[in-house]
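What follows is a short report on a single structure.
Nothing in this text is a laboratory measurement; each read-out follows from the coordinates by a stated rule. In this text the structure is predicted, and so the values were computed from the model without any measurement. Note that we place each Cβ from the backbone using ideal geometry, even for glycine, and neighbour counts take in every protein chain shown.
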Amino acid sequence: MHCDIAIVGGGLVGASLAVALAGTSRRVLLIEAAQPPATAPAWDERCIALNDASRRIFEALGIWRELEAAAEPIRATHISERGRFGAARFTAADAGLDALGYNVPLRALGAALWQRLRASNVELLCPARVTAVTAQPDWVALQIAGADASTTCTIHAQLLAAADGAQSAVRAQLGIGAQTRDYAQHAVVSAVRLSRAHGGVAYERFTSDGPLALIPKPGSAASLVWTLPTAQVEAALAASDDDYLQRAQAAFGGRLGNFVELGRRFSYPLSRVVAESSAAPRVALLGNAAQSLHPIAAQGFNLGLRDVAALAGLLDDGGDPGAAALLAEFSAARASDRKRVSGFTDLLVRTFSNRVPGLMQARHWGLVAVDLLPGLRESVLRQHLGHLGLPPARLGSRP
Ligand SMILES: Cc1cc2nc3c(=O)[nH]c(=O)nc-3n(C[C@H](O)[C@H](O)[C@H](O)COP(=O)(O)OP(=O)(O)OC[C@H]3O[C@@H](n4cnc5c(N)ncnc54)[C@H](O)[C@@H]3O)c2cc1C
């Protein structure tokens, strides 16, 4: 079988790219190992904080209207360290926007993307797994194993867009190196009901056990994301709801009243994976396959979606989708955004996971400086909104 573009991985990033390429004259094939929407790892109970740049990209893709009903606006963020007075605050008004971002259930986002794909001209091979990849000057050959493993086939594509996640098999098979850092931390994620209205404010609280984020959900609920050292995770998951709530409440404090009800807890091991390059002959890497980040700054998917927007924009111009010049442009266009966001996120993790006394003072004054110094404040805000890495708006022309 031949196609113009084969997308490997139908998680949030691969599915977003497929939606961006739907309706074009190119023959696009999406290959996803799991059966969406119910069973793939990305389709869990989590919510995802989308920044303003991501909202704009989904608007251009015509997906935002479906998401808006399930999305809770984030009107302000408040970043602080437990036991210290310094805090940094950002409001939507600072940015001249209605919201700094939106907290969206992954399930709603995944469903909107796959619903759109099923009604499109994108060919879906799912469940099916890519088992081998070889790149030639004019095409890439992909070996595919179907659901029952006896159904195999080979696909030739002019461009392979690898969105197969942090452990990307495509990346490994093509010998593209990646730097990996295991943070020895897990994120424990759950929903929590609060006795006081959150007012649309997202909180990031650095505690001695690790950062704890509360991101607004509809009503008086929030997504609770608590980063803990791996050694403490088993106990955190085994604790009764009451014990866990009490511990989280003690770490967060009383700013939102009491934590009164807890949803199911899920845990995720945290590491940083940054591919040495986001392109190789006939191949582009996107999303977690290119860079997988700690969730401390809620930037991973937002960054991956900007990979999507950049590649889809370049593919708009027609011609060979896997041409070396196009892939070089993609790689160059994404380099500074990837470096800035992955570097900033890593710096945050290491700064706030450290109990060295001098560093504790420095980060305290760092928060005060971000709150008070207009230039620094503006640059952190723009990074938070994703505006620094937003490619030129070219997606909007699509029907
Ligand atoms: C606790 C937590 C909270 C987070 N919160 C936020 C947030 O608020 N905001 C934000 O922007 N980001 C957040 N992130 C990051 C975000 O979840 C990821 O960046 C994003 O989900 C990555 O999507 P992806 O499609 O690149 O990769 P994945 O979700 O890993 O998808 C890869 C897909 O490829 C498929 N696949 C793999 N191998 C093959 C193969 N050989 N053949 C075919 N298919 C294959 C898999 O089945 C999977 O569906 C968070 C992450 C965590 C862990």
Query raised in the report: What are the semi-axes of the equivalent ellipsoid for the chain, taken as the square roots of 5 times the Cα gyration tensor eigenvalues, largest first, in whole Å?
Result: 36, 22, 20
**Report entry** Rel. contact order, % - alpha carbon contacts under 8 angstrom, at least six apart, the range 275-330
**Finding:** 41
Query - Mean Cβ count within 10 Å, highest first, over the residues of peptides 105-118, 259-272, 50-63 - result: 50-63, 105-118, 259-272
Query raised in the report: Of the peptides 241-247, 309-315, how do they stack up when ordered by the mean number of other Cβ atoms within 10 Å, highest first?
Result: 309-315, 241-247
Query raised in the report: If amide H atoms are built 1.01 Å from N in the plane of the peptide, which residues on other chains or at least 5 residues away come under 5 Å of the amide H of THR131?
Result: GLN143, ILE144, ALA145
Requested in this report: Can you give me the three principal axis dimensions of the range 183-269 from its C-alpha atoms, in Å, biggest first?
Outcome: 34, 23, 20
Requested in this report: Restricting things to alpha carbons, tell me how big the range 88-173 is in terms of Rg and Dmax, in Å.
Outcome: 19.2, 57
**Report entry** Derived scalar couplings ³J(HN,Hα) [the range 127-134; Karplus, 6.51 cos²θ - 1.76 cosθ + 1.60; whole Hz; x for Gly, Pro]
**Finding:** x, 7, 10, 7, 10, 7, 9, 10
Query - Burial ranking of peptide ranges 296-305, 16-25 (average Cβ count within 10 Å, highest at the top) - result: 296-305, 16-25
**Report entry** For the range 203-215, Karplus couplings with θ = phi - 60° (6.51, -1.76, 1.60), whole Hz, Gly/Pro x
**Finding:** 10, 10, 10, 8, 10, 5, 8, x, x, 10, 10, 10, 10
**Report entry** Antiparallel DSSP beta bridges within the chain, percent to nearest 5
**Finding:** 75
